[in-house]
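Just below is one structure, and these are the notes that go with it.
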Amino acid sequence: MKKILFLAATVALTASTAALAADAVEQIPEAPVAVETAVPFSWNGAYLGVLGGYGWGNGEGSVPGFGASDDFDGGRVGGFVGYNWELSSGFIAGIEGDVNYDWNDNSYGGVEVGTDVSGSVRGRVGFAMDRALIFAAGGWTATNGYLDGAGVDESETFSGWTVGAGVDYAFTDKMFGRVEYRYNDFGDKDIGGINAEFDQHIVNVGLGVKF
């Protein structure tokens, strides 16, 4: 009788152990799934790009006893290059230069009057919200003013100051677009015996590449 009871207990213990072992095998935890963490977008570094736009210019000319003004409006194309430093809390500081060509001339009695090549060097400050960068910029600007025709061929470099604001938006990690407004005050110069002043409102659209 004791042998039978011992045998039954042994069988029961073996079955219980096997069941626990099976449960343990079934409950082996799965390996954790790797989670990729997105790298935050950064505006830091160098960039360059091309732009196109339109300028609304106002020119004033005067000689002793007489003065006149006129609009000098037209399209423009150019290029820009710069560098951004990304500071804390999304603030950006930078510097940028550009060179452009403006078509904004008028004709008076066969004499072409206008400006063509222009450029600027500007400091920039801005605030980045991920891929959108809102900025303001200001600095030095210059343009070539000219009189050409009817035996006259003179040009002078007008220089002054510029200020503006805009938005850069990154379409990819390397490519970004831009929309900006600028006001240029080129001061005055004596050209062809005329004291000329020129200022300009500009809207630019650009496409740039970050490095």
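No value in this document is a laboratory result; all are computed from the given coordinates. A quick note: this is a predicted structure, and the numbers were derived from the prediction, not measured. Ideal geometry is used to build each Cβ from the backbone, glycine not excepted, and the neighbour counts take in all protein chains shown.
If R0 is 30 Å, the Cβ-Cβ spacing of I134 and T172 corresponds to a FRET efficiency of close to 0.95.
Net charge around V163, counting only other residues with Cβ within less than 10 Å of its Cβ (Lys, Arg = +1; Asp, Glu = -1)? Net local charge, V163 excluded: +1.
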